[in-house]
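The values are calculated or read from the model by the stated rules, or taken from the named source; none is laboratory data. None of the values given here were measured: they were computed from a predicted structure. Cβ atoms come from the backbone with ideal geometry, glycine included; neighbour counts cover every protein chain shown.
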Amino acid sequence: IPKRSKNVLLMSSFHHDDQVDTNTGKPDIILDYNATKGGVDTVDKLCSTYNCARNTRRWPM
């Protein structure tokens, strides 16, 4: 059940209609987002660990 105090806008090319899960009463798009948001956190963590910037020794002119 969505919280009344917050507006949530989700755009998806995978979900084309507003199906609601019968067990939880939540929209399917919210359930899919909650199930996969851990992957986004993992990628963000890995991207912050590694640096792909080039180190140059060129003198500015």
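Take Lys45 and tell me if it is exposed (fewer than 10 other Cβ atoms within 10 Å of the Cβ), at pLDDT 85 or above and basic (Lys, Arg).
Taking the combined requirement at face value, the residue satisfies it.
Mind telling me which of the residues Val20, Val40 ends up being touching a Lys or Arg at 6+ places or on another chain (Cβ under 9 Å) and not charged (D, E, K, R)? Spell out how you get there, then give the answer.
On the way: Val40 fails: touching a Lys or Arg at 6+ places or on another chain (Cβ under 9 Å).
The unique qualifying residue is Val20.
With among the β-branched types (Val, Ile, Thr) and modelled with pLDDT of 85 or more as the only criterion, which of Thr56, Thr24 stands out?
Being among the β-branched types (Val, Ile, Thr) and modelled with pLDDT of 85 or more holds for just one of Thr56, Thr24, which is Thr24.
Determine the pairs where a residue that is surrounded by 10 or more Cβ atoms within 10 Å (Cβ to Cβ), located within segment 1-28, has a partner that is at pLDDT 85 or above and hydroxyl-bearing (Ser, Thr, Tyr) with Cβ atoms under 7 Å apart, the partner being 6 or more residues away or on another chain.
Cβ pairs passing all conditions: Leu10/Tyr33.
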